[in-house]
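Colleague: Mind looking over this structure? Questions follow.
The values are calculated or read from the model by the stated rules, or taken from the named source; none is laboratory data. For clarity, every value in this text was computed on a predicted model and none was experimentally measured. Methodologically, a virtual Cβ is constructed for each residue, glycine included, from the backbone with ideal geometry; neighbour enumeration extends over all protein chains shown. The area values use the complete protein model at the heavy-atom level, side chains included, leaving out ligands, DNA and RNA. Shrake-Rupley method; radii C 1.70, N 1.55, O 1.52, S 1.80 Å.
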Amino acid sequence: ARTILEDVTIAGWKVGFLGNADNVSAVAEILSDYSEIPLVSYLPNLSWLEEDQLQPYLDAFRELILPATEVLVGSHKTLQDFLLPEWDSERPPSARELAVAAGEHGTRYVLVTGVMLASKGTEQFIDNVLASPQGAIAGEKFERFDTSFVGAGDTLAAALAALLSAGGELQAAVGEALSFLDQSLDAGFRPGMGHIVPDRFF
């Protein structure tokens, strides 16, 4: 990364799963030298990690990545478990409440995906909400795909980072990134017997 940064002008960052706490630390050190560049951070569901690896990773992500993050992207359930692990209300936390929790660590906005909405007949819709600690800013509703994908969150975060790096205004960039994701999922394909992969070149 340092070698590339000597030759290339960077206009935006996107961080996804970094493997372990040591990698988080190494990446955060680089990010700290480019604090004026917007960072989109994606936190996937990491329940598959062993507990002795998971907690150090989440702690490092919270302490080192969140303070540099412009927009934190993640599913409603993943962000709730990460940001509000002690939540005990019968209702799920709102996007604003998640943004408040992220804001305590320096993150400016959250993009909460997969917020379940009431069904309309046989159709199930999900909401995706951009929020700041002051409240919800924008939302895009889509019909839920009745299948499992791998790479959906990374696709969304990468699209958003690309649009912001090109000078896009945040609310418009979120709408365009969500539309791109929806079409990528609609055109998705299964290369083997596992989950469907989004087709980013639909």
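Colleague: With the crude spin-label approximation of a point 7 Å out along Cα→Cβ, what separation in nm comes out for F125 versus D59?
Modeller: A separation of 4.3 nm, rounded to one decimal place.
Colleague: Taking 0.36 nm per residue of separation and subtracting the Cα-Cα distance, what length does fully extending V150 through E86 add?
Modeller: Details: separation 64, 0.36 × 64 = 23.04 nm, distance 2.82 nm.
Residue separation times 0.36 nm, minus the Cα-Cα distance, leaves 20.2 nm.
Colleague: Quick one: among S132, S41, S165, which has the greatest mean-square fluctuation in a GNM of the chain with alpha-carbon springs under 10 angstrom?
Modeller: Taking springs between Cα atoms under 10 Å, the residue moving most is S165.
Colleague: Using the heavy atoms of the protein chains and a 1.4 angstrom probe, tell me the accessible area per residue for the chain in square angstrom.
Modeller: Here the per-residue accessible area is 55 Å².
Colleague: Can you give the Kirkwood hydrodynamic radius of segment 113-182 from its Cα pairs, in Å with one decimal?
Modeller: On the way: mean 1/r = 0.0769 Å⁻¹.
Evaluated over segment 113-182, this radius sits at 13.0 Å.
Colleague: Points 7 angstrom from Cα along the Cβ direction at E51 and E143: gap in nanometres?
Modeller: With each label point 7 Å from Cα toward Cβ, the separation is 4.3 nm.
Colleague: Report W87's accessible area, 1.4 Å probe, all protein chains in place, as a number in Å² to the nearest 10.
Modeller: Surface open to solvent at W87 totals about 70 Å².
Colleague: Put one equal scatterer on each alpha carbon of segment 61-145, apply the Debye formula with no solvent term, and list log10 I(q)/I(0) at q = 0.19, 0.20 1/Å to two decimals.
Modeller: -0.79, -0.86
Colleague: Also, I was wondering about something else. Using a Förster distance of 22 Å, how high is the FRET efficiency between N23 and A136, based on the Cβ-Cβ distance and rounded to 0.05?
Modeller: Numbers: r = 33 Å, r/R0 = 1.49.
So, using R0 = 22 Å, E works out to roughly 0.10.
Colleague: Related question: Any idea how far the Cα center of segment 24-84 sits from the one of segment 173-202, in Å?
Modeller: Result: 23 Å between the Cα centres.
Colleague: Hey, can you grab everything whose amide H is under 5 Å from the amide H of K14? Only 5+ residues off in sequence or another chain; H modelled, so Pro and N-termini drop out.
Modeller: V40
Colleague: A further question follows. Under a no-solvent Debye model with one identical scatterer per Cα of segment 155-202, what's log10 I(q)/I(0) at q = 0.15, 0.17, 0.28 Å⁻¹?
Modeller: Listed by q, the Debye log ratios stand at -0.41, -0.50, -0.94.
Colleague: Same structure, new question: I'd like the FRET efficiency for F201 and S32, computed as 1/(1 + (r/R0)^6) with the beta carbon distance as r and R0 of 41 Å, rounded to 0.05.
Modeller: On the way: r = 34 Å, r/R0 = 0.83.
Efficiency, from the Cβ-Cβ distance: 0.75.
Colleague: Specify which residue in the list A166, V71, W87 is farthest towards the positive end of the charge dipole of segment 43-183, using unit charges on the beta carbon of Lys, Arg (+1) and Asp, Glu (-1), about the Cα centre.
Modeller: Projecting each Cα onto the dipole axis, the largest value belongs to A166.
Colleague: Per DSSP helix of 4 or more residues, -39500 (n - 2.57); summed, then divided by the residues of the chain. What does that give at 222 nm, rounded to the nearest 500?
Modeller: Numbers: 7 runs with 75 residues, N = 202.
Here the helix-only value at 222 nm equals -11000 deg cm²/dmol.
Colleague: Give, rounded to the nearest 20 debye, the magnitude of the charge dipole that segment 1-151 has about its Cα centre when Lys and Arg contribute +1 at Cβ and Asp and Glu contribute -1 at Cβ.
Modeller: Numbers: 10 positive and 23 negative charges, 117 e Å.
Rounded to the nearest 20 debye, it is 560 debye.
Colleague: Output ³J(HN,Hα) for segment 59-68: one whole-Hz value per residue in order, computed from phi by the Karplus curve 6.51 cos²θ - 1.76 cosθ + 1.60 with θ = phi - 60°, and x for Gly and Pro.
Modeller: 5, 5, 4, 5, 7, 10, 9, 4, x, 9
Colleague: Got a sec? Charge dipole of the chain, +1 on Cβ for Lys and Arg, -1 for Asp and Glu; which of L31, N45, A136 is way out at the positive end?
Modeller: Towards the positive end, the residue furthest out is A136.
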